[in-house]
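Remarks on the structure that follows.
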Amino acid sequence: MNAEVIFKFITMKYIWIILFAFFFTSCKENKQSISKEEEKAVEVKNNTANTVNIDLEIYDFNGFKKYLNQKDDKVYIVNFWATWCGPCVKELPYFERINKEYGNKNVEVILVSLDFPHLYESKLKPFILEHHIKSKVIALDDVDMNTWIPLVNPDWSGSIPATIIYKNDTSKFFEQSFTYEILENETLKFLK
C-alpha cells in the first residue's frame, strides 16, 4: 500500500507539472497575440497620423471641371472611383502602372474620388497611404450629381468606375472596368 501511495503522489506531481506547463504556454501565446494586436493598433495610429501629410485637393464640380478640358498636348486619364467600389479598387493598380510607365511620355493619371466627405480622413487618406498611390488624387465633393454627371459625359449613367481619356479636343468615355492591357491600348491610341 505504501508503494501505491508513492505512485499516486508521483503521478499527481507530473499532472501538476503538465498543467502548469500548459497554463504557462497558453499565457505566453495569449501575451504574444496581444502584442501583435498592440502592434497593429500602433500601425493604424501611425497611418492615421500620416494622413495629415496628404494634401488632398477637394473641389465642387465648378472647381474640378478644369481637369476635363486641358489643352496642352498631354494625354489625360481621368478615372472616377471610390474606396467602397470593389471594381474600382481592383483596377487602380492598372492606372498606377500607366502613370508609372507613361508619365514621362506626356500622360497624366487623375484619380477622382467620389468617397463621402466625412470619410476623407478615416477612409480615403489611409487608403491612399496603404496602397501607395502616386497618381494625382482629387476628391469631388458635389452632391448635385444630376447636374454634373451629364456634363462629364451625356452617356454616363453615374455608375463607377468610369474613365475619360482625352488629349486636347479628342476624348473617349468608358463606363466600365479595365484590364491593364485594355487601358494601355486605349492610352496608346492617344499617344499616336
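Every number in this text was worked out from the coordinates using simple rules, so none of it is lab data. Everything numeric here is computed off the predicted structure, so don't read it as measured data.
Taking amide H positions as modeled 1.01 Å from N, with prolines and chain starts lacking one, the residues under 5 Å from Ala162 and 5 or more places away or on another chain are Phe80.
Within segment 80-189, DSSP assigns beta bridges of which about 50% are antiparallel (rounded to the nearest 5). Classify segment 130-192 from the C-alpha gyration tensor, please: rounded if a/c falls under 1.5, else prolate or oblate depending on whether a/b exceeds b/c. Oblate is the answer for segment 130-192, as a/c is 1.5 or above yet b/c matches or exceeds a/b. Amide H contacts for Glu108 (H built 1.01 Å from N in the peptide plane; partners 5 or more residues away or on another chain; cut-off under 5 Å): Val75, Tyr76, Ile77. In percent, what relative contact order does segment 70-166 have, based on Cα pairs under 8 Å that are 6 or more apart in sequence? RCO, segment 70-166: 41 percent.
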